[in-house]
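Below: the structure, in C-alpha cells.
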Amino acid sequence: MHLDQPIILDSGSSSTKVGFKSDSIPVDVFQTVIGYTEDLSSLRHSDLLIYDLEYYIGERALSSKRVKKLLYPVWNLVIDWESIEKLWHYAFFDRLHVNPNYNPIMVVESFYSTRGQQEKIAEIMFEVFCVPQLLLSKSPLLCLYAAGKTTGVIVESSASITIVVPIYKGTIIRHAITYSSIGGYSITKYLQKMLGNKYAQLKRQKFSHLIDELKKKHCYVSLNAEREKKVFMKTKKFNKEFILPSGDIGIMEEERFRAPELLFDPLLNGHNDEPIQNLILESIKKCDLTIRKELLDNLILCGGNTLLHGFRERLDKELNLLFEEKLGFKIKSFENREFFPWIGGRILCEYAEKTDLWLSRKKYLETGIDSAPFLSYFL
Ligand SMILES: Nc1ncnc2c1ncn2[C@@H]1O[C@H](COP(=O)(O)OP(=O)(O)OP(=O)(O)O)[C@@H](O)[C@H]1O
Ligand SMILES: [Mg+2]
C-alpha cells in the first residue's frame, strides 16, 4: 500500500516525526533518543535472553531498566551519526514497517544544517537504506509552506532553539534572522532545577523526561508574572499535585508559570539570550520598511514550545508594548503547528513531483550531492 509513497522524516532534538505523503500529520512520533544496554559481548551465552538487545529507541529507551547510557543523537543538528542511522532504521522498519528501497525520502533539516551534514544524510539514505530518491529542505521554509503562505515571519520555538526567520515571496531574508538558545529543553531544565530544589530525587538527569511531561501537563505562560505570583501566594487552588519517582506526592506551585517565563525573561536562569519579543522586533527592524507591514501581518508560530498555554496571548501583549509605531501585527497560531516542519515537507513533496526537485540514486552515484536540484532551488 505504501510501496513507493514518499516518506517525510523529521528527526528533531526532542522527537522524531515520520509518516507518508498521504498522511495529513505524521503517523508516528517518538523520542529521538537511543539507550545502550550493557555490552552483550561481555555476557556469557547462557545469560543472554532471546529478547536481549544492544540498544532501545524512543520511549522504550527511557523506560527500560537495562539501559545504561542514554544518547540524544540530535541537538539542533545531527551530532551522532551512528546512533541516528540506528534510529532511522527503527523509524522505517519498526514503526512504518517499510523497507525504504522503493520510497523516496524527504528529510527535514535544521536551518543551520551545513553542506557536510547534507552529504552525510545523502550517504546514509542512498548507501545504507538504498532509497531511490532524496529531498532535503530547511525547517523555517517548510513551516511557511505549512501555513499556506509565501510571505511571513516564522517564529519557530522548538526543543533546542527559538529562531525568527522573515521570508518574503519565498526568499529568506538572511541578514534579518535572529535566534536564541532558549527552547523547550531550557524550560524543562529550569523546571527541573526549581523542582529539584524542593524534591532532591528529581535532580537526577534520568528524570528529565518525567519533568518534560510535567511541563506539558501543568505549565503555562502567564500574562503578567508578578501578578500571577501574588495569586499563588494568596491561594493554593492553582497548585498541581503529581507523583514523585519515590511514589510520594509532589506539588507544583509557582513553577507552573515561572519555568516558561524564561522565554520572555532569559535572565531568570542566567541566560544572556534576548527575550522572544526582542528577537521579533530586532528581526523586523532589519527588514526593508516597504515590506514590514506584509511581514507583520503574518507572524507564524510553530514548533512544540508554542503549544504552551497562554503563549500567544503573552507574546501579543509584549509585542504591543514594544512596537511604538502602531504598525499592527497579526500572530497566527495554526492547529498542528508542532508538526509544521513535517507538514511543509509533505507539501514540498507534492510540489517536487511537478518540478523534479528530487535527487535520484542514479545521479547521486554518478556525481554525489552536488547535482541535487533542491540545492539550487533553495539558495
Ligand atoms: N503541549 C506542550 N506544552 C509545552 N511544551 C511542549 C508541548 N508539546 C511539546 N512541547 C515542547 O516542545 C519541544 C519539542 O518541540 P519540537 O518537536 O518542535 O522540537 P524538535 O523538532 O524535537 O527539536 P529541534 O527542532 O529543536 O531540533 C519540547 O521541548 C517539548 O517539551
Ligand atoms: Mg524541529
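Looking at the chain, what % of the alpha carbon pairs are farther apart than 33 Å?
Pairs farther apart than 33 Å: 36 percent.
If I build a Gaussian network model for the chain, linking alpha-carbon pairs within less than 10 angstrom, which residue out of V231, V33, V74 has the largest mean-square fluctuation?
V231
Taking +1 at the Cβ of each Lys and Arg and -1 at the Cβ of each Asp and Glu, which of L262, I161, Y185 sits farthest along the dipole of the chain towards its positive end, judged by Cα position relative to the Cα centre?
L262
How far apart, in nanometres, would the label points at K216 and I79 be if each is projected 7 angstrom from Cα along the Cα-to-Cβ direction?
In this crude label model, K216 to I79 measures out at 2.2 nm.
For the chain, with the dipole built from +1 on Lys and Arg beta-carbon atoms and -1 on Asp and Glu ones, taken about the Cα centre, which of L289, Y220, T37 lies farthest toward the positive end?
Checked the options; the winner is Y220.
If you place +1 on the Cβ of every Lys and Arg, -1 on the Cβ of every Asp and Glu, and leave all else neutral, what size is the dipole of the chain about its Cα centre, to the nearest 20 Debye?
1120 debye
Karplus couplings for segment 205-211 from phi (6.51 cos²θ - 1.76 cosθ + 1.60, θ = phi - 60°), rounded to Hz, Gly and Pro as x?
Residue by residue, segment 205-211 yields 3, 5, 9, 5, 5, 4, 5 Hz.
Could you give me D for segment 162-296, from Stokes-Einstein at 25 °C and 0.890 mPa s, where the hydrodynamic radius is the Kirkwood radius over C-alpha pairs? Units µm² s⁻¹, please.
Here the translational diffusion coefficient equals 146 µm²/s.
Suppose R0 equals 22 Å; then what is the FRET efficiency for L375 and Y112 from their Cβ-Cβ distance, rounded to the nearest 0.05?
Result of the calculation: an efficiency of 0.85.
Calculated from DSSP H runs of 4 or more alone, at -39500 (n - 2.57) each and per residue, what is the 222 nm mean residue ellipticity of the chain, nearest 500?
-9500 deg cm²/dmol
For segment 146-151, in order, what is each residue's ³J(HN,Hα) by Karplus, 6.51 cos²θ - 1.76 cosθ + 1.60 with θ = phi - 60°, in whole Hz (x at glycine and Pro)?
Couplings: 4, 7, x, 10, 10, 10 Hz.
Given an 8 Å cut-off on Cα distances and at least 6 residues of separation, report the relative contact order of the chain as a percent.
Taking the mean separation of contacting Cα pairs over the length of the chain, I get 18 percent.
Throughout, read-outs are computed from the coordinates displayed, never taken from laboratory work. Because the structure is a prediction, the values reported are computed rather than measured. Glycine gets a Cβ as well: all are built from the backbone with ideal geometry, and neighbour counts include every protein chain shown.
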